[in-house]
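Enquirer: Got a structure for you, written out below as structure tokens; questions coming shortly.
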Amino acid sequence: MKLTGAEILCETLEHLGVKEIFGYPGGAILPVYDALGKSKLHHVLVRHEQGATHMADGYARASGGVGVAMATSGPGATNMVTGIATAMLDSSPVVCITGQVGSKLLGSDAFQEIDITGITMPITKHNVVVSRAEDIARTVREAFLIANSGRPGPVLVDITKDAQQASAEFDWDKCAPKLPPKRRRANYDQPEFDRAVELLNSSKRPLILAGHGIMISGAMKAFAEFVHAGHFPVAMTLLGIGGFPANDPLNLGMMGMHGEAWVNHAIQEADLLIAVGMRFDDRVTGDLRTYAKSAKKIHIEIDRAEINKNVRVDAALVGDAREVLELLEPHMEKKERPDWHTRIAEMKGDSAVRDIQSLPDTGHLYAAHVINDLWKETNGDAIVVTDVGQHQMWEAQYYHHNKPRTLVTSGGLGTMGFALPAAIGAKFAKPEADVWVVVGDGGFQMTMAELATIVQEKIKINIAIINNGYLGMVRQWQEFFYDKRYVATPLVAPDFAALANSFGIRGERITTRADVVPTIRSAREYKESVLIDFRVEQEDSVYPMVPAGASLHEMIRRPNNPLVETSAEP
Ligand SMILES: Cc1cc2nc3c(=O)[nH]c(=O)nc-3n(C[C@H](O)[C@H](O)[C@H](O)COP(=O)(O)OP(=O)(O)OC[C@H]3O[C@@H](n4cnc5c(N)ncnc54)[C@H](O)[C@@H]3O)c2cc1C
Ligand SMILES: Cc1ncc(C[n+]2csc(CCOP(=O)(O)OP(=O)(O)O)c2C)c(N)n1
Ligand SMILES: [Mg+2]
């Protein structure tokens, strides 16, 4: 069957199971848009190409599949850069398709010509320019395979305009990917495995560091069985949250800069760390010179480049987390290790059972209240998509996720403006889910134009703005480390509820704690999207905090009044 390159692209995407594309048109991609109009693919018109990439990313993170974003050449493509980098740092499978000027014009500084493959070289897993219609199908199939295999990541396919317009034969069977054969997944020698088993069974104070790789590998069941077989306490990374239920008694909570104090202390006292699908980010380790000095380390990790990158390990099991855990599990000796669990319970002290919700209402509204109420009201079942800042950390602390892929957040790049568009993508991935955006007043203003996309697409999303009148996380650093010189952090914002109204979205403003639950309830019952502007305490801070570069156990703790650090155990 002879088709144009643009039609081949649409056919290929349909064959790959794509339903939605998030994008924005322009001259160099116009032939594709013309073909899109005739295809079964649903195109979601965004308001900024950054939004398209975050939507594709949110789609990928909520579904486990590949998200697709599209843009024109030049400014369309460069607007995608932040979203691509966000996906890269969090190993999220996104395929970006950009239009490019005609191949004869390449290198002539033609109108809207930009070397987008050059620009995105360090922030894509793979990228490629296609200048022949007959190469489009195979290249796109390869892009999907590369994006979502091994360690996932973004792939960019840049298609010249003449390739979109030219005709070529399209035969699905003849355009199979031509990639090197897949490597054996578990990629370590037997002595390495034996050493790991020996360490696991001889350890008295083991601790698992559970990361994003568990969800990527679909290893939730194998992981839970492994944990219970060895009776291991588990600490979560931010991106690992959801991979092991928060309500499992062996789940201690989050580690790292804003992790639970007892988790960080347990890491420092452990005699064995078992890192699964996590990459020892500096937000997790603090000062490497003092990190877990008494612990041997096992690293279960698919990307060999991560082994010994930040932390030297004693046994490296390179491979897919699920496969490795399934191989290890039969070798686990059942050990209760009562002394170690008692010691951790001691470190938790009473801070774990003091419930922020049971504190008397002082008339102040704290972000932690809002998020803890949201957790209770949604039975912990919502997909929560956060932005970056204090509210993001409070979400991680006060919303207890039991299911995988229910917390969608930008960890590695920490991209403000991520939440609203990523939530739109998540809603397309899981149309039946209760999707909540938890976003700061700063980050919301970065991509709030996507409210129009919500309206145009008639989708239902609930938006909770945690409005503290500040770029709160930066203000907190200024409070702690710059003598409260609040330079460039007080933030003027529009009346968010009125702004929502102007888009045709219901808007609410909440200032007291008593109104939080009724407003969340009524937003959930309402058929259309609702935006709630929660006016919270302006100068609250996230505790505990390991100052950047400090040792993990050197945490700044919350002054005990008026809030405690943690909510009740889930
Ligand atoms: C304001 C702010 C504060 C933060 N504070 C904290 C904090 O206090 N605590 C915290 O934990 N994080 C914090 N973060 C997030 C932090 O920066 C990192 O993003 C996070 O720690 C990374 O978690 P991860 O290593 O589990 O996930 P990723 O960075 O996604 O790494 C996943 C790892 O799993 C591997 N992998 C992928 N697939 C597989 C597979 N199939 N099998 C095995 N391995 C696989 C990958 O190769 C990679 O090494 C913060 C971020 C921000 C923006
Ligand atoms: C695009 C981008 N610019 C700057 C930063 C640095 N930064 C991190 S958190 C933060 C403040 C966020 O403020 P807000 O969105 O109001 O959230 P809050 O911390 O108040 O909850 C800033 C500026 C960033 N992470 N991303
Ligand atoms: Mg703020």
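The values are calculated or read from the model by the stated rules, or taken from the named source; none is laboratory data. Note that the structure is a prediction, hence the values are computed from the model and not measured. Here the Cβ positions follow ideal geometry from the backbone for every residue, glycine too, while neighbour counts run over all protein chains shown.
Listed here are the residues, each with its yes/no results for (1) near ligand 1 (Cβ under 10 Å from one of its atoms); (2) of a type in the set (A, V, I, L, M, F, W, C).
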| site | (1), (2) |
| --- | --- |
| Ala246 | no, yes |
| Asn251 | no, no |
| Val263 | yes, yes |
| Ala266 | no, yes |
| Tyr291 | no, no |
| Ala295 | no, yes |
| Ile300 | yes, yes |
| Ile307 | yes, yes |
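Enquirer: Out of Phe226, Phe232, Phe170, Phe244, report the one residue that is within 30 Å of Gly74 (Cβ to Cβ) and of a type in the set (Phe, Trp, Tyr).
Expert: From the options Phe226, Phe232, Phe170, Phe244, the qualifying one is Phe170.
Enquirer: Inspect all residues belonging to region 559-566 and state whether any of them is crowded, with 17+ Cβ neighbours inside 10 Å, out of contact with any strand residue (DSSP E or B) (no Cβ under 9 Å at 6 or more places or on another chain), more than 30 Å from Leu451 (Cβ to Cβ) and among the charged types (D, E, K, R).
Expert: Yes, region 559-566 has at least one match.
Enquirer: I need a count of the residues in region 448-473 that are of a type in the set (Val, Ile, Thr) and either free of Cβ contacts under 8 Å to residues at least 24 places away in the same chain or away from ligand 3 (no atom under 16 Å from the Cβ) (or both).
Expert: First, the residues of region 448-473 that are of a type in the set (Val, Ile, Thr): 453-455, 459, 461, 463, 465-466.
Filter again for either free of Cβ contacts under 8 Å to residues at least 24 places away in the same chain or away from ligand 3 (no atom under 16 Å from the Cβ) (or both), leaving 453-455, 459, 461.
Number satisfying all stated conditions: 5.
Enquirer: Determine, yes or no, whether Ala426 is away from ligand 1 (no atom under 16 Å from the Cβ), aliphatic (A, V, I, L, M), touching a strand residue (DSSP E or B) at 6+ places or on another chain (Cβ under 6 Å) and part of a loop (DSSP other than H, G, I, E, B).
Expert: Working: away from ligand 1 (no atom under 16 Å from the Cβ): yes; aliphatic (A, V, I, L, M): yes; touching a strand residue (DSSP E or B) at 6+ places or on another chain (Cβ under 6 Å): yes; part of a loop (DSSP other than H, G, I, E, B): no.
Against the criterion (away from ligand 1 (no atom under 16 Å from the Cβ), aliphatic (A, V, I, L, M), touching a strand residue (DSSP E or B) at 6+ places or on another chain (Cβ under 6 Å) and part of a loop (DSSP other than H, G, I, E, B)), Ala426 does not qualify.
Enquirer: Could you please let me know if Trp394 is within 11 Å of ligand 2 (Cβ to nearest atom) and in the same structural domain as Pro490 (by TED's automatic domain parsing)? Explain how you work it out, then say what you get.
Expert: Working: within 11 Å of ligand 2 (Cβ to nearest atom): yes; in the same structural domain as Pro490 (by TED's automatic domain parsing): yes.
For Trp394, the condition - within 11 Å of ligand 2 (Cβ to nearest atom) and in the same structural domain as Pro490 (by TED's automatic domain parsing) - is met.
Enquirer: Yes or no: region 43-50 includes at least one residue that is touching a strand residue (DSSP E or B) at 6+ places or on another chain (Cβ under 9 Å), of a type outside the set (S, T, N, Q) and either more than 22 Å from Met416 (Cα to Cα) or modelled with pLDDT under 95 (or both). First the steps, then the outcome.
Expert: At the first step, the residues of region 43-50 found to be touching a strand residue (DSSP E or B) at 6+ places or on another chain (Cβ under 9 Å) are 43-46, 49.
Next, from what is left, pick out any that are of a type outside the set (S, T, N, Q): 43-46, 49.
Within this subset, residues satisfying the condition of being either more than 22 Å from Met416 (Cα to Cα) or modelled with pLDDT under 95 (or both) are 43.
Yes, some residue in region 43-50 is touching a strand residue (DSSP E or B) at 6+ places or on another chain (Cβ under 9 Å), of a type outside the set (S, T, N, Q) and either more than 22 Å from Met416 (Cα to Cα) or modelled with pLDDT under 95 (or both).
Enquirer: Among the listed residues Leu471, Leu451, identify the single one that is of a type outside the set (Phe, Trp, Tyr), within 27 Å of the chain's Cα centre (by Cα) and within 15 Å of ligand 1 (Cβ to nearest atom).
Expert: Working: Leu451 fails: within 15 Å of ligand 1 (Cβ to nearest atom).
Result of the check over Leu471, Leu451: Leu471.
Enquirer: Which condition breaks for Ser410 when tested against (1) in a helix (DSSP H, G or I); (2) modelled with pLDDT of 95 or more; (3) touching a Ser or Thr at 6+ places or on another chain (Cβ under 7 Å); (4) within 16 Å of ligand 2 (Cβ to nearest atom)?
Expert: Single failed check for Ser410: (1).
Enquirer: For Ile208, only one of the following conditions fails: (1) over 26 Å from Val408 (Cβ atoms); (2) at pLDDT 95 or above. What is its number?
Expert: (1)
Enquirer: Now for a different question. Residue check: is Phe444 more than 15 Å from Arg61 (Cβ to Cβ) and either in a helix (DSSP H, G or I) or within 16 Å of ligand 3 (Cβ to nearest atom) (or both)?
Expert: Working: more than 15 Å from Arg61 (Cβ to Cβ): yes; either in a helix (DSSP H, G or I) or within 16 Å of ligand 3 (Cβ to nearest atom) (or both): yes.
Judged against the criteria, Phe444 is a match.
Enquirer: What number of residues within region 428-447 are more than 19 Å from Ala396 (Cβ to Cβ), more than 11 Å from ligand 2 (Cβ to nearest atom) and without any contact (Cβ under 8 Å) to a residue 60 or more places away in the chain?
Expert: Adding up the residues that qualify gives 2.
Enquirer: In addition: Here are Ala71, Ala56: which of them is buried (at least 24 other Cβ atoms within 10 Å of the Cβ) and free of Cβ contacts under 8 Å to residues at least 60 places away in the same chain? Step through it out loud before you land on a result.
Expert: Values: Ala56 fails: free of Cβ contacts under 8 Å to residues at least 60 places away in the same chain.
Of Ala71, Ala56, the one residue that is buried (at least 24 other Cβ atoms within 10 Å of the Cβ) and free of Cβ contacts under 8 Å to residues at least 60 places away in the same chain is Ala71.
Enquirer: Can you tell me which residue within region 499-516, out of those that are closer than 14 Å to Met448 by Cα and not polar (S, T, N, Q), is surrounded by the most Cβ atoms within 10 Å (Cβ to Cβ)?
Expert: Filtering region 499-516 for residues closer than 14 Å to Met448 by Cα gives 499-505, 507.
Next cut, not polar (S, T, N, Q) only: 499-500, 503-505, 507.
Details: Leu499: 18, Ala500: 25, Phe503: 18, Gly504: 13, Ile505: 19, Gly507: 20.
Going through the qualifying residues, I end up with Ala500.
Enquirer: Applying the selection to region 429-441, what residues are within 13 Å of Leu374 (Cβ to Cβ) and in a loop (DSSP other than H, G, I, E, B)? Can you show your working first?
Expert: At the first step, the residues of region 429-441 found to be within 13 Å of Leu374 (Cβ to Cβ) are 434-439.
Once the filter is applied, which keeps residues that are within 13 Å of Leu374 (Cβ to Cβ) and in a loop (DSSP other than H, G, I, E, B), region 429-441 yields only Asp434.
Enquirer: Next question. So Val546 ticks every box in (1) touching a Gly at 6+ places or on another chain (Cβ under 7 Å); (2) assigned by TED's automatic domain parsing to the domain that holds Trp394; (3) in contact (Cβ under 8 Å) with a residue 40 or more places away in the chain but one. Which box is left unticked?
Expert: (2)
Enquirer: When you check Asp271 against the structure, is it modelled with pLDDT of 95 or more, under 24 Å from the mean Cα position of the chain (by Cα) and not hydrophobic (A, V, I, L, M, F, W, C), yes or no?
Expert: On the way: modelled with pLDDT of 95 or more: yes; under 24 Å from the mean Cα position of the chain (by Cα): no; not hydrophobic (A, V, I, L, M, F, W, C): yes.
When the stated conditions are applied, Asp271 does not pass them.
Enquirer: Any idea which residue in region 84-107 is surrounded by the fewest Cβ atoms within 10 Å (Cβ to Cβ), counting only those that are touching a strand residue (DSSP E or B) at 6+ places or on another chain (Cβ under 7 Å) and in a helix (DSSP H, G or I)?
Expert: Ser103
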